[in-house]
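The structure under discussion appears below in the form of structure tokens.
Just so you know, all these numbers are worked out from the coordinates, no wet-lab data involved. None of these values were measured; they are calculated from a predicted model. We place every Cβ from the backbone using ideal geometry, glycine too, and count neighbours over all the protein chains shown.
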Amino acid sequence: MKLAIDIVQSLFLPKLEKDTHFDVNQTTSAFWKDLTAALLDFETNAKPAQDVINHLQLHDTERINAKLPSIYAAFIKELAENQVLGISSEAVDYLIASKNSTFKKEVQFYTDLEHAIKKVERKRMKAALPNSLDKLAFELNDELLNSAITKKSRDELKKKMAGWDQQLVETEETTPSALANKNESKVIYFGWVKYAAAACLVLGLGIWFFQHQQAGFTPENNVVTTPPKDTTKGAQIPEFPIEALADITTVTKKAAVVESGLGYAPTKQTIKIVEYNQKARMTSIVAAIEKHRQLLEKQFGDHNTLKLVESKIHALQNELALLKERENQYVFDGKSLTLYVTTTPKENTILLYENTYYLNRGADFFKLTIAVPPQPYQKERNIEIREALDKMIFTNGN
């Protein structure tokens, strides 16, 4: 059970330490053991885990209890990953024996991911074998050799012609001016003879090389050669898909406050209501997660690409869990009310009864707490207060 307790501590402590009334001395080994045991049964019964948190007497216990579903999901993922990696524990054995559906689903996901990565890695290693052989068997074809020989011959001829030009200039400079006209034709003729000899040499080399090529002569080459590799075929680098996630739409409106003691009529006080509709965003995230799961099943890309797909799935799952958590929360500062919804109600009615604000949705009334951090919805269950609020709604004509 130690492995599971360590995971629970790493998930809960950062959140508990933010509470002003949290006392670390209350979190004894018995506390962590009880909380871990309660969390293992959270799927079937959430109350034991909430009771353990309530014993800490925190300033904002509801905030921690509201985070229990997301903490439980992260806890199960950690245990499922350990199970796939071969790390056994009493908590894992208990989840298997109790046939926990969430745990079974996460184990299946990590198992499929592991198999996909192994298959892709084997394919990559097989595809890399020919390239490894090419590094040992260096290839130097005949065309490359012929080009190198021709280039070297041209370079040597250019150097010789440059030397002849220099000799020609020196000869002209050392000839007496009196004999310049007499010897001019001879000097020029001698220069042209050198160029003609060079041209004949190039022509002779070309004819000799052509004849030997026709006879099937090839330069001796002791280097092991292999047929040219066709680089136009082979595995293509896959293009990583970019999913298009829908945006969260925002609607802002004002609602008059219905106050008791004034004939249950709307007052001049208004509350700004900001509604963030998350439905389209959540739907697109679910579709993107399914798309990425299909990529893993099809062994999309190499090892690094699969790791990228896996991390993208986790990021999408985390965002989806956050959106679901926010759907059960609100933010109210006394002047504005922020709501996270998937369906936009026709009308939100704000009531002020005995200095307490209430939000009316359908047949339910929710007590609004003025606070900076998001607050969970608290349904009013007091019968007398509910009757008074119903009367205010009826009198106001809503």
Q.
Considering only C-alpha atoms, what is the centroid distance from segment 1-71 to segment 365-395, in Å?
A. 28
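Around Glu347, what is the net charge, scoring Lys/Arg as +1 and Asp/Glu as -1 over all other residues with Cβ under 11 Å from its Cβ? Walk me through the numbers before you get to the answer.
Details: positive: Lys253, Lys346, Arg361; negative: none.
Local net charge: +3.
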Q: Could you compute the FRET efficiency for His303 and Glu81, with r as their C-beta to C-beta distance and R0 at 22 Å, rounded to 0.05?
A: 0.80
Q.
Using DSSP to call loops (not H, G, I, E or B), can you name the GluC sites (Glu not before Pro) in segment 278-374 whose Cβ has at most 13 other Cβ atoms within 10 angstrom?
A. Glu347, Glu354
Q.
Suppose the chain between Val251 and Ile393 were pulled fully straight at 0.36 nm per residue; how much longer would it get relative to their current alpha carbon spacing?
A. 48.8 nm
Q: May I ask you to derive the FRET efficiency for Ile207 and Arg124 from their Cβ-Cβ distance with R0 = 45 Å, giving the value to the nearest 0.05?
A: 0.30
Q: Multiply the residue gap between Glu90 and Glu319 by 0.36 nm, knock off their C-alpha separation, and tell me the result in nm, one decimal place.
A: 79.4 nm
Q. Simple spin-label model, 7 Å along Cα-to-Cβ: Ala371 to Ala280 in nm?
A. 3.2
Q. Taking the radius of gyration and the Kirkwood hydrodynamic radius from Cα positions alone, what is the Rg/Rh ratio for segment 330-377, to two decimal places?
A. 0.93
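By how many nm would the segment from Asp112 to Thr344 lengthen if fully extended, with 0.36 nm per residue of separation less the alpha-carbon distance?
79.6 nm
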Q: Kindly list the residues of segment 63-98 that lie in the label zone of Asn54, defined by a backbone N under 17 Å from the point 7 Å along the Cα-to-C-beta vector.
A: 63-69
Q.
Restricting everything to alpha-carbon atoms, can you work out Rg to Rh for segment 1-83 with a Kirkwood hydrodynamic radius?
A. 0.93
Q.
Modelling each spin label as a point 7 Å along the Cα-to-Cβ direction, I'd like the Glu290/Lys15 distance in nm, to one decimal.
A. 2.9
Q | Virtual spin-label span in nm between Lys272 and Lys105, 7 Å along Cα→Cβ | A | 3.9
Q: Using R₀ = 25 Å, calculate the FRET efficiency as 1/(1 + (r/R₀)^6) where r is the Cβ-Cβ separation of Asp34 and Gln329; round to 0.05.
A: 0.40
